[in-house]
Amino acid sequence: MRKPRIAVHKFSSCDGCQLGILNLEDELLDLVGAVEIAYFLEATSKIQPGPYDVSLVEGSVSTPHELKRIKDIRKESGMLITIGTCATAGGIQALRNFTEPGQLAESVYDHPDYLDYLDLATPVSQHVKVDLEIWGCPVNKYQLLEAIIALLQQRKPNLPSHSVCLDCKRNSTVCVMVARGIPCVGPVTRTGCGALCPANGRGCYGCFGPAPQADLDAMIPLLNAVEEYPGQTVHLLRNFAGYAPDFRKAVDVMLEESSKK
Amino acid sequence: MTPEQELISALQTIPWFQDLNPEYFDKLAGISSLIEVEAGEKLYQQGDKQDYIYVVLKGRVAVEIAIPGKGRTRIYTAEPIEMLGWSSVTPVVRQRTASAVTVLPCLLVRMKASKLQKLCDQNHSLGYVVMRRIANVAASRLLVTRFQLLDIFSHSSDEGSNV
Amino acid sequence: MTNNISIPALARVEGEGALYIRTKDNKIEEIELNIYEPPRFFEGFLQGRYFQEVPDITARICGICPVAYQMSSVKALEKAYSVEISQEVYNLRRLMYCAEYIESHLLHIYMLQAPDLLGTDSIIEIAAIAPDVVKKALRSKKNGNDLLKAIGGRSVHPVNTRVGGFYRWPDTEKIKSLFEDFKWGLEFAKETVRWAAELDYPDFETEYEFVATSHPDFYAIYDGDVVSSSGKRVTVDQFETAYLESQVPQSTALHSHTSEGNSYFVGPLARYNLNFDQLRPAAKEVAKEIGFEVPVHNPYQGLIARSIEVVEVYDVALELIESYNPQGSAYAEFDLKDSEGCGVTEAPRGLIYHRYKVGKDGLIKEAKITPPTAQNYAQMELDLAKLAPQVLFDRPHEEASLALEHLLRSYDPCISCSTHFLKLKHEHV
Amino acid sequence: MSKQTLEVGATIIISKPELNNLLKNLSDLDYELAGPQVKDHTVVLGPIESLAELPKGYTSQEEPGKYTLISTGKENYFDVTSGPQTWKKYFFPPRTQLMIFQQDPDKSPTWSMVSPVEELRRYALIGVRPCDLAGIQIQDKIFLADNNCDPIYRDRREGAFILAVNCTEPCGTCFCTSMGTGPKAEEGFDLALTEGKDHFLIEIGSEVGINILLDLDWKAADVKHQKAAEAALQAAREKINLNLPQPDNLETELLSNLEHPQWDDVAGRCLSCGSCTQVCPTCFCWDSTDKTLLPGDKIIRYRSWDSCFNPDYSYVSHGNTRPNTRSRYRQWLTHKFASWYEQYGSSGCVGCGRCITWCPGEINHLEEIAAIREGEPS
Amino acid sequence: MTVLTTSKPISDCTSDSMLPMWAEIVKIEQEAPRIKTYWMKFKDPIVQDTYSFQPGQFNLLTIPGYGEAAISISSHPRHTEAIGHTIRLAGNVTHAIDRLGVGGTLGVRGPYGSTWPLEKLKGLDIYIAAGGIGLPPLRPVIYHIMDNRADYGKVVLIYGARTPEDLQFTAEHDSWEKAGIELMICVDSCDDTWTGLVGVVPMLFYRLRIEPKNSALLTCGPEIMIHFAAYEAIARRVPRKRIFVSLEKNMKCGFGSCGRCQLGPYFVCKDGPIFNYKKIGPYLEVEDF
C-alpha cells in the first residue's frame, strides 16, 4: 500500500497542536516511516505540492488570506482533519467574536487600520467540509496519533466523547466540585485531556470543548452557585472553546437573562 | 354458467362481501363486470378521472406513481382479493392518485364507482360493508407507505458503532 | 537589473512568516520580513479577565514556550498583588523552566536549525544518516516534556501554574523517577555541545548589543535584573523606560529599541555572552573544552550557546529534582488591591516582559506583553540586510534563499508568540 | 457466652495499638494493604502500612453534591465513612489490559496472543464498610458466574483478605438500613471490627482470619463489650436519616412507570456525567478498545470502566438507542433499583449513598424514586 | 499445608472467556450489495472438529486493532466443516474482515446467546418473518426445518428487502420452496423487471391464513419491522408466547458482563438474542429504553 501523503497546515494558532506531532518522541520515527510528510512547515523545509491524502489543519480562520487558503487546502486534500480547539471551534482567537469589531485592535495596536483580519475568527468547518475533528487546547498528541493510525488501518479512530467526569473517576481523582466547591466544567466538557485540571486540584476550564449532548442548562445554575468571583461561569465557558455552539449559546442565554434582571 | 352467474359467484368468493344479504349480489353484479387483462396493461392512469374500482381475483397489479424526473415508481402490488382504485369511492372523488398496471395476467372484477357510491348511499348496510373495507384498504396502504418512508433497510453508511 | 527574492513560507520556525527582498543594481532596496501570523489580540482578551486566568490565557500565545508566558505573567501579577512566594515554589518554577528549556532547545537544535547545518530538510533526513543521534535527541527532548508533564499535567499549556505558586505540588515520586533519565540527559547534553562544536557555521559576525536578565547567583532564566552588553543594568520596573517599542518610519511594525535608539539582541547568545560567569561548572567546563569563549558574535552559533544552556539546565534540574521535597501549601494566599506590576523572565528564545494593571476585584485592567521575537525583529532585519548582498548576487537563487532562511532560523523566531509583531507590505512607488 | 478460643464466629477484643500488629501480620504474609486515608479533602483508598495512615479523628458531612471532611479531634480511626472511591478498583480495575496481540514476525496474517504481564497482587482490604462488603458480594455474582467468570476479577478476588469495619458514624447520605446491608457486616469478611473507645471488637469470619490473629494480644470479648458494640450500632441505625422504603417493591414500581413525567424532570437536572455509576460499588459496565502501537504489529486490547450515561455506550450501527439524558437516567435507575433483581436476585443498590453525595448535579436519587412512586404515572 | 477457609466465594470457573480462537476465511460469497457471507474454518483442528452452534446464536468476530463485532451464524447448524457469517459492511470490524479476503485470519469467540426454540415448536405452523439483514440469523432455522420437515406444519418465509437486488440467498430460494417452505417475498421499491410483490413484511400478514392456535412466529430484522410483524401476528391471535424475536443491541462481551446490551432485566447477548415476545415485548415498546 502506498504511504498516505500527509500535510500539516497552520492557521491562527499557537503552534501547540502541530507541536504535538513533534512531541511524539517515542513514535516519531515509526510514524514518518509509515506516512509521507508532504507538507509540514514546522518540521521540514521540503515543501511538496498537493494533492494530499490527509491535511491536518491547526488554527482558526481569521484573515481573508486564511479564508482563501482553507478553500485551496480543501480542494487538494482527500481528508481534512482539524486538530485542536482553534481549528475545530475557533479557539482563543474567537474571543474577539464576543467584542465589537475593531475594539480589540484599537486597544492593542496603534494603527489598527493597517491590520487585515476578519471580524470573526471561526472554525474551519464554517468554511469547508471537515472529515474529522480532534478537540483540545492543545490536542492530546495520542489522539492525534490514534487518528493517523486509524487512517493507516482504514478505520474510524477511537476518540471517546464522554464527559471529563468519567476520566476523573477512572483516575481515582476526587471531584473538586463536590469535595471543595470549586467550579468545574468537567461534567459538560469532552474528554480527551485525561482529566488534568481536577487531578491538579483545580476545576476543568473546558479546553476540549463541550461534550456531545452536554446539558448546560443543568450545569449553569450549579456553577453560578459556587462562583469564586462574579462572572466566573461566563469566563469558564467563554474560554478556549467559548465559540463552540453549545458553550456559546449557553452564555448568550445566561447574559440575556441577567440583563433582563 | 352465464356471465351473470359467473360474476355473482366471483363476487361471492370475495371474503368481505360474504356477510352481505344475497339480494345485494344482484345489485353489485349490475354495476360490475368480470375482465381478463394481460400482463403489462394499464388499468388506469394517474391523474385521470376513470370511474372504476377493481377487485383482483387472479394475478398481480402494480400501483405506480410517476415522479417527474424519476419516472414511474412502483409503490405497491395488489394480490388476489385486494381492492384497487379506492380513491374513486371516497366521499370526495378525486383524480387517480396513482396508476395501476398488471404485472401478471389478471382476472378482475370491475365496478362502476359512482354507481357503487349511489348503492351505498341508498343502502347504508351495504355502504357500511363497503366503506369498512375501504377503511381497511386505506389503513394498510398507509402502513406500507409509512414503512417505505422510513426506509428501514437503508444502509447507514459507516456511522456510529464499531461493528 | 532587478532581482527579487521571495521566500513565501519560512519553514522550521514556530509560526509562519515570509521574507521578501527587492534589489536594484546589486543594492538592497527593500527587505520585508512578512509575518502573516494573524493578529491575535491577547492583550485585548486579557482585559476584564480574572487575574487567576492569566497564566492559562498567556500560555496560549505560544505552544512551544507556554511556561515562559506563564512564568512572566504570574511574576508580574505577584508583583502587582505583593505576593511573596515560598522558596519551594521558587525552586519548582525554576525546575519547570528547565523542563521547557530542554524541550524547546532540543527542538530548535535538532529539528529546526541542525538540518541547515547538515544540508538536509528536516530531522527525518538526519535520522536516515544518523539514527542514533536523532533517537538520543528525541529521548532528551522527551525528558523535558516528561518533566513538564509531571509538574504541569501536560507539556503544552500546562495547567498547574497559578498566581502565588502552583495549584498542587507535583507528585514527588513522579518527579524523582525522572532523575536517572536526567542524569543520562546531562551526559547527552554534553555530547550535543561537542557535536555542535564540530558543525560548520557560516562566517558572519555582528557587533550586537546583547540584552538579557542577569542574576548574581544563577545563570538567569526565571529571575534577575535586565542587563545589556552596553553596560546598562536596570531593574524590571525600569524595563519600559530602557527598552522602548516605537514605530519605525514607513512601517507599522513595533520595533524594540534601547532608549539610546539601538537595536538589540535577546536570546541564548545574549544570555551566554552576558552571564557566562554564572554558568555552573558542568556547563563551563564543556564550554571551555570546545573553546567556545565569550564574546561570541556569530548568530548561527546561537546553536552552540543553546547546547551549553541545555547542559546548564539539566545540571540545575538534577539538583532541583534531588532536593524536591514540598512542604505546606503549594500557593500563597494574598489580598487583592488596585495595583500594577511587571515581570521578566528568559524564554528559551529570549527575554520576555509582562506588565499588568489589576483591580481590587481581581480583574485585569490593562496588559502589556513584549515577547522576545518582537525585540529581535529590528536586529533580524539588520542582519538580513547585511547578509543579503553577500549571498544574493554571486550564488544561485535557491542557495541564497536558503542562506537567508538559515540566518533567520538561527534566531529561533517564534512568530506565533509575537503578540503584536506585525509588518505589513508597504510598496514604494 | 464469650468463647475462649479463636474460631469462626468468635468475638474477641484487642487494644487499638494491637491493630498495628494485625496489619503487620498481613504484610508479613505478602498481602498488599489498602485502606482509607485522608487525601484531597476527602477519604480515598490507597496503600497503607499502619494505623497512622488511617483517617483518625475525622468525620464527614454529606449531602447531595456536597462533601465536607470534618476534623473531630476524636481518637477514633473509623468514624468517617467511605469517600468517593470504592473497593471495586482493586478487583475490577478502572483500566486493564485484556490481552495483547502480537503479529508474527514473518508478517503472515496470524497473531499470537500474549497475556498481559501483571504481577498478581494479593490485597488485604482494611476497613471495608458493610455496605461496601455487600457491594463486593454483588460484584462477585457478576464476575464469578459459573459459566463465564472474569479472569481478571477472579485472580484478584480470590487472594484477597477482607477486614470489615462496622459503621458507628453513618453520614448524611447513608441508607444501608433500608437496603439491609448495614451498619453491621453479617458475612463475607475474614474479620469484622467494631471500634470501641479504647479497643477493637473483632468478629472472626474465616480461618484465614484466625490465622492473622494467632500471635496477637487478644482476649475474648465479654458481654459488656458486645453490648457496647451493639449499642453503638443501634445508635448508628437511628442516626440514618435517609430511607428507601420497601426496596423490593421497586422492581415492579419502577418498571411499570417507565413513562412517568419525573423522568423528564430529573433529566433537566442530570448532567449525564456518569459520576454516579463510577462511584457505585456495584456498577460493573465496561468497554473494550484496541490500541495499535506503531509500527502496527502490536495491539493492546484495553478494558475500562464504562457508564450507561456515556453516549457511546448505547450506540449501535444505526444510531443511539438511548439518545438522551432521560433515557440514560432511566436506564441507570431502573437497572440499579429494579431490573437488577431479576438479573442477580437482589437490588443493585447497597445504600452507601455515594451516588447522592458525588452527584455534581445535586440529585438525591431517593427523592426521584419517591416521586415516581407517589406521583401519578403518565 | 491445610487449606484455610476464607471469606471469598469459590469459583470453579477457569475460563478465559475473552480469548478468541483463530479462523481462516476460506470462501466469500456476495449475497447482495454490501452483504457477503464469509466462510471460515478454525485453525486449530480440535476446535474445528468440536465447534458446534444452535440456530440463532452468534459469534464475536475480531481483528486485532479493530475491535469485535457480534455476528450471527448464518450457515447450516449440522454442517460445520465451514462456518458462515453473513455480514453487512457497516463499520470498522466488518470492513476490516472484508479487506482480509480469502486466506485472511480473524479471531472468533462463541457461540453465544440463546437459540430459536425449534424443538419446542415441533408440530406447529412456522411463520418466519425476516427483513433485510435479519434473514441470515434465520437461515439456520430454514436449514433445520428442511432437515426435519415432517416435524412442522405449514412453513412460510415472509421476507422483505429494500430492492430486488438486496434479496439474499436467492440461489437457494428454489431449494427452500422444493423442501416445502412457502416463500412470500416483497421489496420496498423496484423497477419494471420485478414481477414480485411490492410492500412490506407486516403487510404480507394480510394475505396469510394463520391458524393462531397452531402457529408460531420467528422474526428478525429492523426493530420497527419486528414490532409490526409481532403486532400483525398478535392481531391474528397468535399467542405472544409463541412469537420469538431476534434483537440487535450494542453487544460487546457476549456473556452479560460488560452491560452494554441491556434491555430491561435482560442482557441481549446472554438472555438473547432470541427472546420470547411475551417477555421482551413490553420493554421493546418503551421508547428509548
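Just so it is clear, none of the values below were taken in a lab; they were calculated from the coordinates. It should be emphasised that the depicted structure is a prediction, and the values quoted were computed from it without experimental measurement. All Cβ positions, glycine included, derive from the backbone under ideal geometry; neighbour counts span all protein chains shown.
Where does chain B land on Rg/Rh, using Cα atoms and the Kirkwood Rh?
On the way: Rg = 18.1 Å, Rh = 17.1 Å.
We get a ratio of 1.06 for chain B.
Just add up the charged neighbours of E:P164: K/R +1, D/E -1, any other residue whose Cβ is under 12 Å from the Cβ of E:P164. Write down the numbers at each step before the final one.
Numbers: positive: B:R74, E:R162; negative: E:E165, E:D166, E:D188, E:D191, E:D192.
Local net charge: -3.
Would you calculate a helix-derived [θ] at 222 nm for chain C, using -39,500 (n - 2.57) for each DSSP H run of n ≥ 4 and dividing by the full residue count, to the nearest 500?
Counting only the DSSP helices, I get -13500 deg cm²/dmol.
Using the charge dipole of the stretch E:125-246 (Lys, Arg: +1 at Cβ; Asp, Glu: -1 at Cβ; taken about the Cα centre), state which of E:G134, E:P239, E:M184 has its Cα farthest towards the positive end.
In the stretch E:125-246, that residue is E:P239.
Would you tell me the mean number of C-beta atoms belonging to other protein chains that fall within 10 Å of each C-beta in E:81-93, as a whole number?
Working: counts 0, 0, 0, 0, 0, 0, 1, 4, 4, 12, 12, 12, 5.
Per residue, the average neighbour count from other chains is 4.
Whole Å is fine, so just give me how far the alpha carbon centre of the stretch D:11-58 lies from that of the stretch E:215-243.
A separation of 60 Å, based on Cα centres.
In peptide B:139-151, how many Cβ atoms from other protein chains are near each Cβ within 10 Å, on average? If you can, show how the numbers build up before the last one.
Details: counts 0, 6, 2, 0, 8, 8, 1, 3, 12, 6, 1, 5, 4.
Mean number of neighbouring Cβ atoms from other chains: 4.
Not counting the cut sites, what is the longest span of chain E without GluC sites (Glu not before Pro) that DSSP labels loop and that have at most 14 other Cβ atoms within 10 Å? Before the final figure, lay out the partial values.
On the way: sites that count: E:E81, E:E119, E:E285, E:E287.
No qualifying site falls inside E:120-284, the longest such stretch.
Pairs of alpha-carbon atoms within less than 8 angstrom and 6+ residues apart define the contacts here; what relative contact order does chain B have, in percent? All intermediate terms of the calculation are to be shown ahead of the outcome.
Working: 261 pairs, mean separation 43.2, N = 163.
Averaging sequence separation for qualifying contacts and normalising by length gives 27 percent for chain B.
Tell me, what does the Kirkwood hydrodynamic radius of the stretch E:233-289 come to in angstroms if you use every pair of distinct C-alpha atoms? Don't skip to the end; give the middle numbers.
Values: mean 1/r = 0.0848 Å⁻¹.
Here the Kirkwood hydrodynamic radius works out to 11.8 Å.
Hey, which of these cross-link pairs are over 29 Å Cα-Cα: A:K169/E:K249; C:K136/C:K368; D:K56/D:K219?
Values: A:K169/E:K249 26 Å; C:K136/C:K368 39 Å; D:K56/D:K219 24 Å.
With Cα atoms farther than 29 Å apart: C:K136/C:K368.
If R0 is 35 Å, what FRET efficiency do you get for A:E36 and C:R194 from their C-beta distance, rounded to 0.05? Please report the intermediate quantities before stating the final value.
Details: r = 34 Å, r/R0 = 0.96.
Calculated transfer efficiency: 0.55.
Quick one: dipole size for chain C, taken about the Cα centre, charges +1 on Lys/Arg Cβ and -1 on Asp/Glu Cβ, in debye to the nearest 20. Present the calculation step by step, with values, prior to reporting the outcome.
Numbers: 44 positive and 63 negative charges, 182 e Å.
Computed about the Cα centre, the dipole is about 880 debye.
Determine the principal axes of the Cα atoms in chain C, then give the extent along each, sorted from largest to smallest and rounded to whole angstroms.
The principal-axis extents, from largest down, are 71, 49, 37 Å.
Check each of the GluC sites (Glu not before Pro) in the stretch D:156-215 and keep only those in coil by DSSP with at most 16 other C-beta atoms within 10 angstrom; list them in order.
Working: sites: D:E158, D:E186, D:E187, D:E195, D:E203, D:E207; in loops: D:E186, D:E187.
For GluC sites (Glu not before Pro) across the stretch D:156-215 that sit outside H, G, I, E and B with at most 16 neighbouring Cβ atoms in 10 Å, the list reads D:E186, D:E187.
Compute from the Cα atoms of the stretch D:52-159 the Rg and the Dmax, the latter being the longest Cα-Cα distance, and quote both in angstrom.
Considering the stretch D:52-159 through its Cα atoms, Rg and Dmax are 20.0, 67 Å.
Which whole number in µm²/s is D for the protein assembly as shown by Stokes-Einstein, with the Kirkwood Rh taken over Cα pairs at 25 °C and 0.890 mPa s?
My calculation gives 66 µm²/s for D.
Let me know the mean shielding of E:62-73 by other chains, meaning the per-residue number of their Cβ atoms within 10 Å of its Cβ. Show your work: numbers first, answer last.
Numbers: counts 5, 7, 15, 18, 9, 10, 5, 4, 1, 1, 0, 0.
Averaged over the peptide's residues, the number is 6.
Within a Cβ distance under 10 Å of C:G164, other residues only, what is the Lys/Arg minus Asp/Glu net charge?
Numbers: positive: C:R162; negative: C:E78, C:E84, C:E333.
Counting the neighbours of C:G164, the net charge comes to -2.
About its Cα centre, how strong a charge dipole does chain A have in debye, to the nearest 20, once Lys and Arg get +1 and Asp and Glu get -1 at the Cβ? Please report the intermediate quantities before stating the final value.
Numbers: 25 positive and 30 negative charges, 140 e Å.
Dipole size: approximately 680 debye.
List the chymotrypsin sites (Phe, Trp or Tyr not before Pro) within the stretch C:321-383 that DSSP assigns to loop and that have no more than 15 neighbouring Cβ atoms inside 10 Å.
Values: sites: C:Y324, C:Y331, C:F334, C:Y353, C:Y356, C:Y377; in loops: C:Y324, C:F334.
Hits after loop and neighbour filter: C:F334.
Picking from E:M40, E:Y51, E:I63, whose Cα lies most toward the positive end of the charge dipole for the stretch E:21-112 (charges on Cβ: Lys, Arg +1; Asp, Glu -1)?
About the Cα centre, the residue reaching furthest to the positive side is E:I63.
What is the mean projected area of the alpha carbon convex hull for chain E, to one decimal in square nanometres?
Working: hull surface 75.7 nm².
Computing the convex hull of the Cα atoms and averaging its projections yields 18.9 nm².
Order D:128-137, A:41-50 from most to least packed using the mean count of other Cβ atoms within 10 Å.
Listed from highest to lowest mean packing, they are D:128-137, A:41-50.
Under a plain spin-label model, where a point goes 7 Å from the Cα along Cα-to-Cβ, how far apart in nm are A:F98 and C:A385?
Once both label points are built, they end up 4.3 nm from each other.
Compute the distance from the alpha-carbon center of the stretch C:264-319 to that of the stretch A:1-70, in whole Å.
Using only Cα atoms, the two centres lie 33 Å from each other.
Taking R0 as 25 Å, what FRET efficiency do you get between A:N224 and C:E84 from their Cβ-Cβ distance, rounded to the nearest 0.05? Don't jump to the answer; show the numbers that get you there.
Working: r = 33 Å, r/R0 = 1.33.
Plugging the Cβ-Cβ distance into 1/(1 + (r/R0)^6) gives 0.15.
Need the C-alpha centroid separation for the stretch D:285-353 versus the stretch D:206-278, integer Å.
24 Å
I need the GluC sites (Glu not before Pro) found in the stretch D:252-346, filtered to DSSP loop residues with at most 16 other beta carbons within 10 Å of theirs.
On the way: sites: D:E253, D:E259, D:E342; in loops: D:E259.
Counting only loop positions with at most 16 other Cβ atoms within 10 Å, the GluC sites (Glu not before Pro) in the stretch D:252-346 are D:E259.
Among A:G192, A:P210, A:H235, whose Cα projects farthest towards the positive end of the dipole of the stretch A:105-261, with charges put on the beta-carbon of Lys, Arg (+1) and Asp, Glu (-1)?
Among A:G192, A:P210, A:H235, the one farthest towards the positive end of the dipole of the stretch A:105-261 is A:G192.
Pulled fully out, how much extra length does the chain show between D:S115 and D:E342, if you take 0.36 nm times their separation in residues and subtract their Cα-Cα distance? Display every interim value, and only then the final one.
On the way: separation 227, 0.36 × 227 = 81.72 nm, distance 3.43 nm.
Taking 0.36 nm per residue and subtracting the Cα distance, the gain is 78.3 nm.
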